[in-house]
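Colleague: Below is one structure. I have some questions about it.
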Amino acid sequence: MKLRHQTLWSQISRYLLLLLLILPQISTKLYAQGGNTAYDFLNIPSSSYVYGIGGANVSTLHTDLDLASQNPALIGPENDKEFKLGYMHYYSGGNFGSVRYGMAAGERGAWAAGIRYLNYGSFKGYETDGTYIGDFTAQDIILEGTYSHDFTYRLRGGINVKMVYSAYEQYSAFAMAADLGLCYYDDDHEISLGFVLKNMGGQLKRFEEHYDRMPFDVQIGLTKGIKESFSFSITAWHLTKWRLPYYVHEDGGEVKETNSGFFRNLFRHLVFGIEYSPSDRFYLDLGYNYKTASDMAAYQRNFFSGFSIGGGFKVRALSAGVAFAMPHKGAATVMLNLGLDITELF
């Protein structure tokens, strides 16, 4: 027992040491970089489950390999030999695809590898004098590698490393980022807590003369089981800054940035979700993201802005999930996931 405790604390100390070594480097890089964040697409989920439950979730231990991109500590040996395909029709002509494969690494670890491809459609190009010069495309490719490890029966840690290539017309850039996450699960009380440092890193190859920042974020989440088949989740995100302004229409038709009050700012930091899952082979989820609803204030939002809904099922080795959201009147988004559990084929 003593040797086991020594091994446990040795693993935890290595994880914390890695965190302490990386954070100063990341912070220095963030302050040294100029320009605006150019990698917000990293926050678009590849999981239909997450998209249906509000678009962000770092605490739910769901049987979904794509949760690795939310919190690398949410996957584990239970995801052994699992294969996932994803497709999302995004508004403004965007079409996104993803592939991910995971395997157990011993009895207490797991790894996964995946690729995400984001294509934003075709655009018309013009010179500054208005001369049409032809169509061009914009696309991003994300290569991901994830590893997680169970420190104890209740505590798991993980790291997700991302390589990002972007090509917009004649311009291209390359960046690297990493997510560090923890998840604590109390089976007796049906409660799980998640903590993630997301998108730590920087741009290695610039589009032009200045470096663009990564969308570094700190996210905390809680999921609590209620009754037998329901669970409730709340995720706090964008915790690196308090003030999150948005834009509204003035009476004269102008769009103006507004300074949110305390409670509006508070709720723009929170994502709410509820799940109904009578068995491990079926679920329905509903999410509300107030930040999405308020961001759409200047873009013809409707009653459904901020809401999302999803569902999924599993039949033997095959699983499927779908999620739907309608941020504003002219745009509906649909995400589909297909999964294959190879361990159940034999």
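The values are calculated or read from the model by the stated rules, or taken from the named source; none is laboratory data. The structure presented is a predicted model; accordingly, all values stated were derived computationally and were not measured. Neighbour counts are summed over all protein chains in view; Cβ atoms, including those assigned to glycine, are modelled from backbone coordinates with ideal geometry. These area figures cover heavy atoms from the full protein model, side chains too; ligands, DNA and RNA do not enter into them. Shrake-Rupley method; radii C 1.70, N 1.55, O 1.52, S 1.80 Å.
Colleague: What does segment 306-346 give for Rg and for Dmax, in Å, if only its C-alpha atoms count?
Modeller: 14.0, 47
Colleague: If I ignore ligands, DNA and RNA and count only protein heavy atoms, how much of ARG206 is accessible to a 1.4 Å probe, in Å² to the nearest 10?
Modeller: Answer for ARG206: close to 90 Å² accessible.
Colleague: As a test question: what accessible area, to the nearest 10 Å², does GLU208 have when a 1.4 Å probe is rolled over all protein chains in place?
Modeller: GLU208 exposes around 110 Å² with every protein chain in place.
Colleague: Could I ask something else about it? What do you reckon, how do ASP140, ASP187 stack up by accessible area (1.4 Å probe), largest on top?
Modeller: Values: ASP140 0, ASP187 75 Å².
If we order ASP140, ASP187 from most to least accessible, we get ASP187, ASP140.
Colleague: Regarding segment 147-280, what is the average projected area of its C-alpha convex hull, in nm²?
Modeller: Numbers: hull surface 53.0 nm².
Over every viewing direction, the Cα hull of segment 147-280 projects on average to 13.3 nm².
Colleague: Give me a comma-separated list of calculated 3J(HN,Hα) values for segment 108-117, in order, Karplus coefficients 6.51, -1.76, 1.60 applied at θ = phi - 60°, integers in Hz, x for any Gly or Pro.
Modeller: 10, x, 7, 9, 8, 9, x, 9, 10, 10
Colleague: Hey, got the Cα dimensions of segment 74-204 along the principal axes, in Å, largest first?
Modeller: Each principal axis gives a Cα extent; for segment 74-204 these are 66, 27, 27 Å.
Colleague: Could you provide, to the nearest whole Å², the per residue accessible area of segment 95-209 with probe 1.4 Å? Write down the numbers at each step before the final one.
Modeller: Values: 5660 Å² over 115 residues.
About 49 Å² of surface per residue is accessible.
Colleague: Let me ask something else about it. I'm checking a number: the convex hull volume of the Cα atoms of segment 176-235, normalised per residue, in Å³. What is it? Numbers along the way, then the final one.
Modeller: On the way: hull volume 5.2 nm³, N = 60.
So the per-residue Cα hull volume is 86 Å³.
Colleague: Something else now. Just in segment 73-166: which chymotrypsin sites (Phe, Trp or Tyr not before Pro) are loop by DSSP and have at most 13 other Cβ atoms within 10 Å? If you can, show how the numbers build up before the last one.
Modeller: Values: sites: PHE83, TYR87, TYR90, TYR91, PHE96, TYR101, TRP111, TYR117, TYR120, PHE123, TYR126, TYR132, PHE136, TYR147, PHE151, TYR153, TYR165; in loops: TYR91, PHE151, TYR153.
Loop-located and lightly packed - TYR91, TYR153.
Colleague: Turning to a different aspect of this structure: Based on the Cβ-Cβ distance from TYR126 to SER229, what FRET efficiency comes out when R0 is 56 Å, to the nearest 0.05?
Modeller: Numbers: r = 55 Å, r/R0 = 0.98.
With a Förster radius of 56 Å, E is 0.50.
Colleague: Using a Förster distance of 51 Å, how high is the FRET efficiency between GLU190 and ALA138, based on the Cβ-Cβ distance and rounded to 0.05?
Modeller: Details: r = 44 Å, r/R0 = 0.85.
So the FRET efficiency works out to roughly 0.70.
Colleague: How large, in percent, is the carbon and sulfur part of the accessible surface of segment 137-230 at a probe radius of 1.4 Å?
Modeller: Values: 2650 of 4360 Å².
It is 61 percent, rounded to a whole number.
Colleague: Residue-wise, which Karplus ³J(HN,Hα) couplings in Hz belong to segment 166-180, taking 6.51 cos²θ - 1.76 cosθ + 1.60, θ = phi - 60°, and x for glycine or proline?
Modeller: 10, 9, 10, 6, 8, 9, 9, 8, 9, 9, 10, 8, 9, 10, 10
Colleague: Let me ask another. How long, wide and thick is segment 54-150, going by the Cα atoms along their three principal axes, in whole angstroms, largest first?
Modeller: So the three principal-axis extents are 63, 24, 19 Å.
Colleague: Something else now. Just the accessible area for HIS189, please: 1.4 Å probe, Å², rounded to the nearest 10?
Modeller: Using a 1.4 Å probe on the heavy atoms, I get roughly 110 Å².
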